[in-house]
Structure formats: structure tokens, C-alpha cells
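K.L.:
I'd like to ask you about the structure that follows.
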4 protein chains.
Amino acid sequence: MTMLSATEVTPIPTSWVGPIRVSGNAVDDEVRVPLATYETPLWPSVGRGARISRLVEGGIQVTVVDERMTRSVILTATNAAQAHAAAQRIRERQDELAAAVSAQSSYARLLEVHSEIVGNLLFIRFAFATGDASGHNMVTNAADALIALVRSWESGLEYGSISGNYCSDKKATAVNGILGRGRSAVADILIPRELVEQQLRTTAARMCDLVVRKNLVGSTIAGALRSGNAHYANMLLAFYLATGQDAANIVEGSQGITYAENRDGDLYFSCQLPHLIVGTVGNGKHLTGVEAALERLGCREPREPGENARRLAGLIAATVLCGELSLLAAQTNPGELMRAHVQLERAQKEQA
Amino acid sequence: MTMLSATEVTPIPTSWVGPIRVSGNAVDDEVRVPLATYETPLWPSVGRGARISRLVEGGIQVTVVDERMTRSVILTATNAAQAHAAAQRIRERQDELAAAVSAQSSYARLLEVHSEIVGNLLFIRFAFATGDASGHNMVTNAADALIALVRSWESGLEYGSISGNYCSDKKATAVNGILGRGRSAVADILIPRELVEQQLRTTAARMCDLVVRKNLVGSTIAGALRSGNAHYANMLLAFYLATGQDAANIVEGSQGITYAENRDGDLYFSCQLPHLIVGTVGNGKHLTGVEAALERLGCREPREPGENARRLAGLIAATVLCGELSLLAAQTNPGELMRAHVQLERAQKEQA
Amino acid sequence: MTMLSATEVTPIPTSWVGPIRVSGNAVDDEVRVPLATYETPLWPSVGRGARISRLVEGGIQVTVVDERMTRSVILTATNAAQAHAAAQRIRERQDELAAAVSAQSSYARLLEVHSEIVGNLLFIRFAFATGDASGHNMVTNAADALIALVRSWESGLEYGSISGNYCSDKKATAVNGILGRGRSAVADILIPRELVEQQLRTTAARMCDLVVRKNLVGSTIAGALRSGNAHYANMLLAFYLATGQDAANIVEGSQGITYAENRDGDLYFSCQLPHLIVGTVGNGKHLTGVEAALERLGCREPREPGENARRLAGLIAATVLCGELSLLAAQTNPGELMRAHVQLERAQKEQA
Amino acid sequence: MTMLSATEVTPIPTSWVGPIRVSGNAVDDEVRVPLATYETPLWPSVGRGARISRLVEGGIQVTVVDERMTRSVILTATNAAQAHAAAQRIRERQDELAAAVSAQSSYARLLEVHSEIVGNLLFIRFAFATGDASGHNMVTNAADALIALVRSWESGLEYGSISGNYCSDKKATAVNGILGRGRSAVADILIPRELVEQQLRTTAARMCDLVVRKNLVGSTIAGALRSGNAHYANMLLAFYLATGQDAANIVEGSQGITYAENRDGDLYFSCQLPHLIVGTVGNGKHLTGVEAALERLGCREPREPGENARRLAGLIAATVLCGELSLLAAQTNPGELMRAHVQLERAQKEQA
């Protein structure tokens, strides 16, 4: 094909940071994590959080709350009444839909069907379990089959689109957090006052003020959507690239809420990550470096389908917390952020 | 430092796609573009758009509309009246602020100051010209100086945060599109009916229906924010990685609107990219592969400050249009998306 | 009580407009509707739509898609793991919750429980059937009982709030449309080309262009949320006030999407109203004028619980369509909106 | 006209609540305020806040931050390049636009022009000073003239719409708060610990927790937009109706942020109201009851244009704070909200 020149690679600087101490319902381990990024100050920033995790009993606790992958389709009717009749029929015959999905794939399993009608347009959002895969292609394939099945019922519906943006893939939306997409995790930690002061050079009170003013109020006036954090996107990008994930999914991954409480001087600190679109098998995971990274993370073990991916999600959530904690602490002190950048760049130049 | 293991690299598969024919106020050229991604079906998808660009007089026209980089800070007052008095003072003495910025940096130039008051919190959003750099560090540095200057006026304000999330960096928000952040570009093309049918296997009418139903209506019910497109994030990620950009900025980059018109069977097709956070110098741009890529793109020429980065933004916008056009065309036909993926994966396995 | 002076009334100008011809799954009738508003140009505007409804076979078809009322509460845990354990328990014991609701009220019935965890905060959103009432107080009462029940399980949860803003009442949010709140209706009509030209002085093509450019693209760049219409709020306010509804609920009512298609010159026109918070009994409905209005609308008949309120929702949806259709048609013609206002004000002054 | 039956009125129960003690840059007075609503528990709720305002030195301080009214239009070009050229021309010739506005109206004055391009669509958002009027019609009239003027420059632009939803009128959007629309006010108060305990039966710590968890975190997960409050819409509706305002504007009025701080046990409490669309003259203000209400509020005095409306906005902001404070305090105590409703309804029945 003339338009594709021979394939090369772009090398992204990568470091294994940690180890991070992680507990909870998906991981109980002390693990180094790989971060591939041009923004190398991220390494010591996450590293500081990792160090704290090792100094606290149980480290960072991660709770994986849900998992699913979605695809929404558009079917067009003559009018809303016809679309509504079709939606009801789909609800009533959901078992048939589930059977069609299971017949087609040994991994995909239909979990939920959600519909919305706009005029004569019927949007149907299918949610699937997809095992250890992130599931992008699996759900597209399943949705193709489901469209054909629904249309075979002679419901008068026409094909609108295989993707109706109500999925939503690689877009910041509200639906993903409310109805679910990807693995949903919450990471939290309770940091004793002394560690807050010594390791983070701040106090629980100042951290809580900053979380409210910047992450909640600031995000609100910025017109953010279901989101209130400092920089989840940075950690997600670096972790996704290093483990062969489709890193365009950091768009929805970037949404989530950092919440903190001052508990008599100790700092309760948490990161909510409602849509981590990650897998340990599937597209991009067969590359040599990627496989090695997943193995080193302990995410290619013989386990029940889904467990490796859950472990991966747990490690990512803990990593995000490390980086979020560290940056916010720096921002409680005037000038610290810039000083840290300058020092780091100087150190790197001296190394080079 | 014990927590950082020796640096390695993560190699991202990369292909130079095109050339794309681009015209407009930032580029007039025929250029191959580098796409670094694990999602290799993106290459032929963008390639199809590139082919069409070469078949149309003038190709894809890109209009760069604005450019600026921003940082918002939080200062705290006793109450709203005091915050308002300070905000007025800042407006009145904006020249002093501008002078302080210019004294500190030879590239940064203060363009605009925007403030918002929530209770006793004063959010100030500074916008700067940053030459050919994306400007992340430049604006942090400038904001540090501006905080110090404003506080020296004895306005009773205390330091709140160097970043108040009203910037907004790597978050999907409304403020970036409305007040501006990064380079803002619109790419468009008018594709004759025959090309729509032969190259895209669809019609202008079906493309326009899909754009309205999926990108506009579907995004709206998904609860998207200032956004209506199919997959800008994919092209941005690949281009950003290949050229040393901070790819976490695809989060805000992913917002934008695809708009199409059926002009008597010809297809007018456009992509609006209000916040491309890109630079041709600065952090990440000194790496060997990155420098070579920027040079090959013609973005390291001796030009007026900002011109190289504008050219880069123009090429990115054109690339996004190529991929958006191609995917949407595929989605007008039932099953085509999945078939294309399957064929491609088969071809790649055969090559391997 | 010294701070309350004797009660008086504010008289809002009111007119019965129509009749509107309505069909569908909630109404099949020709009905005049009351509009209480200071913005009296609304009357002839809705009146024009009503006239068209009478000229089209079947008139405006309204499909009521769903109905429910919601209240979200906040319970606080020690950490996310504890909150997650509690959320799982609530899911498993949903039958107990449903029984508690039914024991307390003869109308309220628990339909759905949805939870979300942010750090150690557990948000639980309860959805109820509430018969013919809008249900504000019914769901608060039920939620009080449910909090007590859940806390009696010794799950370690503390009271956070009886309302967690995830309900969401009188706020524009995404959750109401996605998970449902109030009665959800879609109104649509197919208007023959001649009527479009004669009655609306426009064409289907121009209407569709306007709907896309203004309601979809314009709303998107404005940063609207799950919304794309011209002025639903106007019709809702006037109808709500005239029928004793809590008109602050026009906030969420104002969200919805107008969608149109050009069908060979005929105009398919639809209004989606996902959250009409309305009732025919309950607070405000006992006032003399309000009762008379509801009776005249045929919404106080002896019917199954919910049917009167569904009829009311259907009439409101049809009324919204009338006003939306008329204003958009006016806006397709330069200057028409202003001319209409000026003429109307002149006419009213002459009458006075 | 056959479709309009003779005009009647809908009487809305109304009470004058207060007086509220208000200070700041728009009001310095102790004023009773009229609230027209079916939700009569609002009266004692606002009354409680009013009582507190009278017990605190200076009462509620209101800072009016900005004022303007807006209208956005759509003009269509051939492509983005042409739209951009036109936008630049409009910026360069803004003085001509301002002159055209001033020539046409003695009150309207052009303040700002903001444009955004989507494909070949040019959205232009005009902001005007409108004296004491809310200005809906004034800005429509001005925008008509501006469209004609711009098109007379032979810029190749066609009429798209007199309103492009980027205004945005009666819709919840981000643009209104960021670029401004209506009068923007912040109300705040510092309540000593004893008053918090005695009058509000709560503590500053519990109020701050609730504000963060419900108004900020809860609103965020609900997918709210630039908004975090409990029930601004209730107070706005009641005040708007009683003073002849277009109450459909509570939709955007409902957006705003309640922010609180625990200052050593004293409660700093604030309400931000970025878009109060209110006037003391113009449509709806000539009705007998309305005029009397505005006079009693002291908003029909001979003052500089805009001052009466600013006073009105200030009184509304203070009233919103009263109601917000009172409801939130009630929600800090389990069961209090429901008990208050029940007691009040019983009291009203006994009175009746």
C-alpha cells in the first residue's frame, strides 16, 4: 500500500516506579509499576506516593466496584411510538439477545440493555462482561450481531449506526460513570499526621482545603463533567502506554473525583476511577515489551477470567493515587511545583 | 534514588501516513504524518482520508483561529467583597502584570486575565502567548511571579493554589473552548459526490444523517461536554506521541465538533479542534526521534515564533479530519467497521 | 410568627390556548391548555402549533416512555471498602427495602436502587413509583425510612444527608435523563409540506438546518448538558404554574432534545422531554383555581393510579412541541421574531 | 383570535418574608422580600435565614460583580476560512457595531463581541448593557440590526439564526457563567458559633461537611454543570414571580455554587449567583401588583440606569442565601427536613 511507509517505532522513556504497597479486593501485594512518558517528573512524583504507601499499614487499599464494556447502537424508526414499542420488545426478549451474544463469543456475556429515544431515533446501549480483555472489538462484534437479531424481528427499524456515541468511547461523558464502562475502582489511604508532615511537607487541613477549592470548586467553575481531580490523565497515560492499553481511553479515564478528609490531623485521601478501560489480553498485548510488562506486574497468571484485568485496574488505581497525592501536596506550598520541575530538569541534564 | 529503576523505553508502533494535501493560513503543503499507536487500523483509516485530500483541489483547508496557553491560580480573601476589590485592581493594573511576565521570560506574553469569584475564593485565569512551545512550564513560572506581584500589593489575599483547575490542563471542561487554550483550528473540505461514492462508499446525505444522529444527538444524550465527534482522541494520541507532545492533553483535545453539509450531493465536512496543546520546542522535543519527526514535518524551520507550532497544529487538524471522515463513512454501512478490523488484523498476521 | 406577613397572591396572566389535537399512549383527545405567564406572546406562539395539530391526522402523538420519582441519600463509611460492602448488602436485600417502603405508604413503591461510591461516601439513589403525585415529599419520607433501615443493619454507616444532590431536584444534571426522574415523554408530528409553508412560512429543509445549527451545535458550544432545544422552559413554566406544579422543576424540565427530519419536503418534528416532574394530586393541587384547571384538562377522572398524571404529562409534552415548533419556524426568517413581538405588544396596548 | 380564550389570572400564594439585613455594593438596607410560590414551607425557611441576617453585624453582604445581557446569532459562510475572515473583520470594526446599537436604542450599549467557528458556521455572541431592564427584547432588536450591518459589508455571510443558543436563554449552560449573562452576584455572611448552634441547630463543621459532600461531590457525580447548591431554584422562582420577572430564567439562575468555611467554629457561608436575569422595568413590570412590589422593595427610585436593577439583584441574592442556609442546616440533622414539612402542613391546615 503506497500510503503506508515501513513501520518504525516511537520510543517512550519508561521507568519502573515503586514498589507500591496495595491491598483490597483485587490486589494484595507490593509491586513496581511501569510509567512510559515524556513527562519524566512524573516518576519521582509517583515515587513519593509509593514510598508513603509502604510506610502505612496495608498501604493503598483499592476496591474494584464494577466491570463491563459497552457499545451503543442507533436504530431508526418512523416515530417515537414505534421506537418505544421496539425498546419494550428488546427488554422483554433480553434473554434472546444474551443467548445470541454467548453463541458468538466464549468471553462476551450480555449484562444490561439501556435504551433512550430521541424523536424517531432509538439508542440502545449494551453492556457486556469481557473477561480479561478491555473488549473494544468484542463488543463491536456482539453489537453487529444484536442489530441483525433485532432487525430480524420485523420491528420496522432501520440501521442507524454501529456506534451511537452513547457508548461512550474515548470521550468525556456522564453516561460512562452513571451506567458504567470499564473497570470502576476506588483507591484510598489513611496517612498519619507525621507522614503527612514529613513526607508531603503539608498538613491534612491544607490538603483538604486544596481538594475542595481546586478539585471541586475549581473544576466546577471550569465546567468539568463528573470530574474533580488534579491530573489523573498523566498517570493513566504513562501506565496505559507501558502496558499496551489503548491510551486514547485516558479521555474517559481522566474523569473521577479526589476526596479527602482531615481526621484529627491524619489525612484520609481517596481517588475514584469510574472507568478504567484496560485489559491484559487482546489488541496490543502481544508485543514483546508489553507482554513482559504485564508478566512483571503479575497480570498474566492463570486465574479466573477477569481477575488479571482486575489486578491491573487495581494497580493503576493505586498508581493514580500516588501521583495525585504527591502533586496536590506540592501545590499546597507556594512555588514548590516550579522548584521541583527546575531541580529535576537540572538533575536530568547533569545525568545526561 | 532507590525508587527509580534504570530508564528504559516503551516502543510504540509508528507509521508515516499520507501524504495529506493541506492548505490554509498555517500550512500549504503535501505532507506525510507520523502516527504512533497500538491501534494500527488507524493507519489505513487516516490513509484513506489522506488519499481523498490529494484528489480534491486545495485538499484539506485548515484555519488556525487562535493560540494561547493558560494557568489559573487561586487566591483566598476574607470575603467576596475583598475578592472583588482585588479582581478590579488586577484588571486596572494589568499592564504591570504584563510587564512582570515579559521581564521574566523572552517568550511568554500576557494576553488576557479572567477572574471568577466563589465566596471568598478568587480564581484568576491568565492567558499567555508562548511562541512555539506548548507552554506548560512557562505559564506555571509566570503564574508564580504574578501571584507574588499581586500579593505584594497588600490586597489581603493569601495563596490558594498555583493551579485552580480553571486552567484547565488535561481535563475535559467548557472553559478551554470558550476562553481559549492551546491552538484552535478548524479543518474542512468539500468532497465531490463521485469521490464520496467511490472512495468512501457512501453518500453526502448518509454522512450528514450520521453526523447529526451520532455525533450531535448521541453525544448530547451521553452527556458530553462541548463535544460531538467520533474519535478525535485516536488521531491526537498517535500524532502527539510521535512528535514528543504531552499526550495527556488529548483529554481536552478530544473535545470538538464534526459538522457536515450535503451540498447537492457533494459533502462539506469539517472538524473543529478548539484546544490543541502542542509545541515544536520545549520538554520532550529534544529526543532524537522526536526532533527528526518534527524536522521531517517541516516544523523546525527558521520562522517567526509561533509559526512552526501553528504549522504543526494545522497538520494535526488535517490528520484528525482524515481519520474522522474515514471512520464515519465506514459506520454508515452496516458491518463495515468490524469487517475492516478483521481484514486488517488478518493482513498484519500474514505479514508477521 | 412575626416574620411572615399576611398571605396575599400574585396574579399571573393566564390564557387557555388551543385546542391541541393529541394522540398516543397517554391521551387521545382535543384539549385546550392553560398557560400562566408574564410573557404573553407565548399564547399565540403555542396557538399556532395547536392550529397545526388540528390540521394533521392524529395531531401530535405523545409517547410516555417511563415514570418514577427519586431521592438520593448520602451515608458515610470509614473507607471505600466498607461503603462497597454496604452497597452490595443493599443490592442483596433490596426486597426488604421495597417492603419497608410499601409498609409506610400506600402509593410509593420502590423501583430501583443505584449507588455510587466516592472515597468513603456512599450515595444511594432510590427510584419510586408515586402514583398520580409528583412525589417530592413521598420520596423524602420513604428515604428517611430507608436510611433508618440500612443503618439498623449495623453496617457501620453514618447519616450523611437526606438529599445528596444525586436525586437531582431542580438542578440541570445528566443523571435524571440517564437513570430517569419524573415522567419521560416524546412528542412528535409529521407536518405535510403545504402546512409547513402556509402555517409556518418556512420549509422542512430550513427547519432541519436550524434545528441542527442552533439546537444541537449551538447548545453544544454553549456547554449545555443533555439538552438541545429552543425554549422548553417557557411552555413548562406557564403550564406548571397554571396547574399547581412546583415550577422550580422547570430547571430539569428545560433539558431535552428537539429533533427534526426533512422527509421529502414534509417535516418530521419531535420534542423529547425526559423529566417532567408533574402530578395531579398532592401539594399545591388543592387550591381552587388549580383544581378547576386540572378538571378542565380531564386530569381528575377516576382512573388507575398514575393515569391522570400521565395524561397531564402528555398534554404538557404536546404543548411544548407547539411552542417549540412555532418559535423555530419564526427564527428561520430574518427579523420575524422581533416583528412578532412588536406587533403583539402593540395589539395588547391597543386592547388595553 | 379564536384560539385564545379571554384572559384570566392564576393566583400564586405570596408572602413578604423578613426583613433581611443586607449590605454591600448594591444595597444597604433592611428589607422584606416577596415570595410567590405553591411551596409555602419556603417562607419560614427563608424567614429563618432572614432572622439570622438581623442578628449579625452587617447582615448578609452582597457583592454585585458584573452585569450584561447577551444574544448570539448564527451567520453561515462557505467554509471556516471565510467565517474566520468575517470574525476578524467584526473584531476590527467593533466600534461601528457599537455605534449602530447606540443609534438604535438609548439604553442598549454594546460591551463585548465573542465569536466561535464550527465548520462554516459563525456564532457571534453580543453582550450589552441594558440599564434597568433584563433586556431580552432589547438585545434581540440590537442583534437584528447587527446582523443587517455585518451582512451589508459583503462578507459573503448568510443569515443563520437570530438566536444560536450560545446566548444562552433559559438553558443551563457553561457559557453564561464564563462570559457572563445577567447580573452576577455573590452573597456571604459570617455567622458566630452561638447563632449557628441556636438558630440553625448545627455546627460549622457539619455544615461544611454537608456543603462539600452534597453540593460539590453530589452535584459532580450527578453530572451537574457549573453548579453546586441545594435549591437556589426555589427562592428564585418565588422572587421572580412576585416581581414580574420572566421566571423561566430560573433555569440558568439555578446554577451557582454554595461555598462554606469553618472558621474556628464560626460559619462563613456564601452563595454565588452568576446569572440573575432580572429587571425593574420592561415587560411584565407594568402590572399593578408587580409595580407595587418593586416599589415596596425600593427598586423604582430615581437612580442612575442600572442601579435599581442592581439593588433588586442584591436583594434576590440575599434571599437565596437565606433559603439555602436554612435548608442545608436542616439536612445536617436526620429527619428534620421531613418533620419540618409535616409540622408546617399541619399548621397550615389548622389555620385554614
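The values are calculated or read from the model by the stated rules, or taken from the named source; none is laboratory data. None of these values were measured; they are calculated from a predicted model. When we count neighbours, we look across all protein chains shown, and the Cβ atoms used for this are built from the backbone with ideal geometry, even at glycine. The area values use the complete protein model at the heavy-atom level, side chains included, leaving out ligands, DNA and RNA. Shrake-Rupley method; radii C 1.70, N 1.55, O 1.52, S 1.80 Å.
K.L.:
So if the hydrodynamic radius of the stretch B:227-286 is defined as the Kirkwood radius over C-alpha pairs, what does Stokes-Einstein give as its diffusion coefficient at 4 °C and 1.567 mPa s, in µm² per second? Display every interim value, and only then the final one.
P.N.:
Working: Rh = 12.7 Å.
Roughly 102 µm²/s, to the nearest whole number.
K.L.:
As an exercise, take the mean of 1/r over every pair of distinct alpha carbons in chain A, invert it, and state the Kirkwood radius in angstroms.
P.N.:
Values: mean 1/r = 0.0462 Å⁻¹.
By the Kirkwood definition, the hydrodynamic radius is 21.7 Å.
K.L.:
Another one. Any idea what the dipole of chain A comes to, in debye rounded to 20, about its Cα centre with Lys/Arg Cβ at +1 and Asp/Glu Cβ at -1? Numbers along the way, then the final one.
P.N.:
Details: 33 positive and 36 negative charges, 97 e Å.
So the magnitude is around 460 debye.
K.L.:
Over all distinct Cα pairs, what is the inverse of the mean 1/r for the stretch B:71-194, reported as the Kirkwood hydrodynamic radius in Å? List each step's numbers first, then the result.
P.N.:
Values: mean 1/r = 0.0648 Å⁻¹.
After inverting the pairwise mean of 1/r, the radius is 15.4 Å.
K.L.:
Still on this structure: To the nearest 10 degrees, how steep is helix B:232-242 against the longest Cα principal axis of chain B, on a 0 to 90 scale?
P.N.:
That works out to roughly 80 degrees.
K.L.:
Between rounded, prolate and oblate, where does the protein assembly as shown land on the alpha carbon gyration tensor, with a ≥ b ≥ c its root eigenvalues, rounded for a/c under 1.5, else prolate if a/b exceeds b/c?
P.N.:
On the way: a/c = 1.34, a/b = 1.22, b/c = 1.10.
The shape class here is rounded.
K.L.:
May I pose another question? What range in chain B is the longest one free of GluC sites (Glu not before Pro) that are in a loop by DSSP and have at most 10 other Cβ atoms within 10 angstrom? Please report the intermediate quantities before stating the final value.
P.N.:
Details: sites that count: B:Glu57, B:Glu154.
In chain B, the maximal stretch lacking such sites is B:155-352.
K.L.:
On to the next question. Among residues other than A:Ile90 whose Cβ falls under 13 Å from its Cβ, what is the net charge (Lys/Arg +1, Asp/Glu -1)? Walk me through the numbers before you get to the answer.
P.N.:
On the way: positive: A:Arg89, A:Arg91, A:Arg93, A:Arg125, A:Arg151; negative: A:Glu92, A:Asp95, A:Glu96, A:Glu112, A:Glu116.
Value of the local net charge: 0.
K.L.:
Next up: Along the positive direction of the dipole of chain D (beta-carbon charges: Lys, Arg +1; Asp, Glu -1; about the Cα centre), which of D:Ala233, D:Ala293, D:Ser168 reaches farthest?
P.N.:
D:Ala233
K.L.:
Suppose a student asked you for the relative contact order of the stretch A:69-161, using Cα pairs under 8 Å spaced at least 6 residues apart; what percent would you report? Kindly include the intermediate steps, with their values, before the conclusion.
P.N.:
On the way: 153 pairs, mean separation 40.9, N = 93.
Once divided by the residue count of the stretch A:69-161, the mean separation gives 44 percent.
K.L.:
With a cut-off of 8 Å between alpha carbons and a minimum separation of six or more residues, what is the relative contact order of chain A in percent? Mind dumping the intermediate values first?
P.N.:
Details: 710 pairs, mean separation 77.4, N = 352.
Normalised by residue count, the contact order of chain A is 22 percent.
K.L.:
When the dipole is taken about the Cα centre of the protein assembly as shown, and only Lys, Arg (+1) and Asp, Glu (-1) are charged at their Cβ, what size is it in debye, to the nearest 20?
P.N.:
Working: 132 positive and 144 negative charges, 1 e Å.
The dipole of the protein assembly as shown has a size of about 0 debye.
K.L.:
While we're looking at this one, here's another question. Suppose every Lys and Arg Cβ carries +1 and every Asp and Glu Cβ carries -1, with no other charges. What dipole size does the stretch D:69-161 come out with about its Cα centre, to the nearest 20 debye?
P.N.:
Values: 7 positive and 9 negative charges, 11 e Å.
Using only the charged Cβ atoms, the result is roughly 60 debye.
K.L.:
What is the angle, in °, between the Cα long axis of helix B:42-55 and the longest principal axis of the Cα atoms in chain B? Nearest 10 is fine, range 0 to 90.
P.N.:
The angle comes out at about 80 degrees.
K.L.:
Provide, in order from the shortest bin, the percent of all Cα-Cα pairs of the stretch B:1-155 in each 10 Å bin, continuing until the bin that contains the maximum pair distance.
P.N.:
Reading upward from the zero bin: 10, 24, 19, 20, 19, 8, 0.
K.L.:
Just to confirm the numbers: D:Glu158, label point 7 angstrom along the Cα-Cβ line, distances to the other copies in nm, shortest first?
P.N.:
Between copies, matching label points for D:Glu158 lie 2.4, 5.9, 6.4 nm apart.
K.L.:
Leaving out ligands and nucleic acids, and using a 1.4 Å probe, what accessible area per residue does the stretch A:69-161 come to in Å²?
P.N.:
On the way: 3240 Å² over 93 residues.
Per residue, the stretch A:69-161 has 35 Å² of solvent-accessible surface.
K.L.:
Let me ask something additional. With all protein chains present, how much of the accessible area of the stretch D:1-117 (probe radius 1.4 Å) comes from carbon and sulfur, to the nearest whole percent?
P.N.:
Values: 2080 of 4560 Å².
Solvent-exposed carbon and sulfur of the stretch D:1-117 make up 46 percent of the total.
K.L.:
Which residues, if any, in the stretch D:38-53 have at least 10 Å² less accessible area in the whole protein complex than in the isolated chain, probe 1.4 Å?
P.N.:
In the stretch D:38-53, residues shielded by partner chains: D:Tyr38, D:Glu39, D:Trp43, D:Pro44, D:Gly47, D:Arg51.
K.L.:
Could you give, in nm with one decimal, how far C:Leu55 is from each other copy of that position, shortest first, with labels 7 Å out from Cα toward Cβ?
P.N.:
Reported distances to equivalent positions: 4.5, 6.4, 7.8 nm.
K.L.:
Under a 5 Å amide H to amide H cut-off, with H placed in plane at 1.01 Å, what residues pair with B:Leu111 once short-range neighbours are removed?
P.N.:
Close amide H contacts, sequence-distant or interchain: B:Ala127, B:Phe128, B:Ala129.
K.L.:
Closest approach to the D-B rotation axis by any Cβ of D: residue and distance in angstrom?
P.N.:
Residue and rounded Å distance to the axis: D:Ala174, 2.
K.L.:
Kindly identify residues of the stretch B:194-220 having a loss of at least 30 Å² in accessible area between the isolated chain and the assembly of all protein chains, probe radius 1.4 Å.
P.N.:
B:Val212, B:Arg213, B:Lys214, B:Leu216, B:Val217, B:Thr220
K.L.:
May I pose another question? List the accessible area buried at the contact between A and B, summed over both sides and calculated with a 1.4 Å probe, in Å² to the nearest 100.
P.N.:
Numbers: alone 16230 and 16200 Å², together 24960 Å².
Interface area, both chains combined: 7500 Å², rounded to the nearest 100.
K.L.:
Shifting gears a bit: Restricting attention to the stretch C:102-178, which chymotrypsin sites (Phe, Trp or Tyr not before Pro) occupy a DSSP loop and are surrounded by at most 15 other Cβ atoms within 10 Å?
P.N.:
Details: sites: C:Tyr107, C:Phe123, C:Phe126, C:Phe128, C:Trp153, C:Tyr159, C:Tyr166; in loops: C:Tyr107, C:Trp153, C:Tyr166.
Taking the stretch C:102-178 and a limit of 15 other Cβ atoms within 10 Å, the loop chymotrypsin sites (Phe, Trp or Tyr not before Pro) found are C:Trp153.
K.L.:
Taking a point 7 Å out from Cα toward Cβ as the label site, list the nm distances between A:Leu195 and the same residue in every other copy, smallest first.
P.N.:
4.2, 6.0, 7.0
K.L.:
Can you tell me the 0 to 90 degree angle between the C-alpha axis of helix D:136-152 and the longest principal axis of chain D, rounded to 10?
P.N.:
It works out to around 20 degrees.
K.L.:
Mean residue ellipticity at 222 nm from the helices of chain C, using -39,500 (n - 2.57) per DSSP H segment of n ≥ 4 over the full residue count, to the nearest 500 deg cm²/dmol?
P.N.:
Numbers: 13 runs with 144 residues, N = 352.
Dividing the helical sum by the residues of chain C leaves -12500 deg cm²/dmol.
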